[in-house]
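These notes are about the structure you will find just below.
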Amino acid sequence: MLKKVNISWQSLLVLGLSLIVLVVPTTVGFAADLASHQEIKSTITPKKIPARMEAGTVLTFDSKNNEVILEKGATLKLSPEAEKQKNLEASLSTVELPEAKPGMVVIYDALGAPVVTNPGQNELPKVDLIEIGNAKDIQSDSTRPLVTAQSSQTGYVSWYNGEGKIGYFGFTIPPYGAAHRTIAAWTWVNTTSNENGKATQVMIADRGPFVEGRILDMTATGFSILHPLSKGIFWGTITW
């Protein structure tokens, strides 16, 4: 038989106050954490990546989007043609520059133009697994047969120090890697110098160069097959 339990209103009041004491700090703490997160998020100032820096500069951005230099660049001794093009590019209106993001990594090429090797915020672009698989089979020589091309571009080609670093799509940039603003990851691209007729093939591993008139940046290894690095730039055609 159940016994009747008498609970006074004083006991109920004490119980209610105890629950309030337990719940209110938790709620206040959650609200404070949420406000703190929103405050940190609001301190990230939207801005574009710098359009130009010294050749070889490696730049990233901290949690508040402040610039952090990972590697200092230096002025390269380039051919008169490259110096002329460098000055011209500095005076031109730039192409649309990417928005800077925390964790983004940017390498500046031989003429000081930006190439993005990490999109930032720990968000790597989605890439077809079949395309990624091809990257493992990359051949480090210039005798690889040229692919049958369906598209082409003609313009200036330069080089950057990307080889061996982690690239835009999350994998190590190969010796014959390259940067293009839109061509799909791991696409093989035939690259021909219209100045001496030499040709080689590179694989798209990064995004850039973000400068008017430029169609491709090659790693130093690939560029040196077609021209000395000191030349800095050449007029060429790419097909893929």
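Close amide H partners of residue 211, meaning residues 5 or more places away or on another chain with modelled amide H under 5 Å apart, are 95. The relative contact order of the range 169-239 comes to 39 percent, based on Cα pairs under 8 Å that sit 6 or more residues apart.
Checking the table 84/198; 101/231; 64/84 against a 25 Å threshold on Cα-Cα, which pairs fail?
On the way: 84/198 23 Å; 101/231 33 Å; 64/84 36 Å.
Table pairs above 25 Å Cα-Cα are 101/231; 64/84.
The packing ranking of peptides 221-228, 157-164, 191-198, 72-79, highest mean first, is 157-164, 221-228, 191-198, 72-79, where packing means the average number of other beta carbon atoms within 10 angstrom of each residue.
Readers should treat all values here as calculations from the given coordinates under stated rules, not as data from a laboratory. Note that the structure is a prediction, hence the values are computed from the model and not measured. Virtual Cβ from ideal backbone geometry, glycine too; neighbours counted across all protein chains shown.
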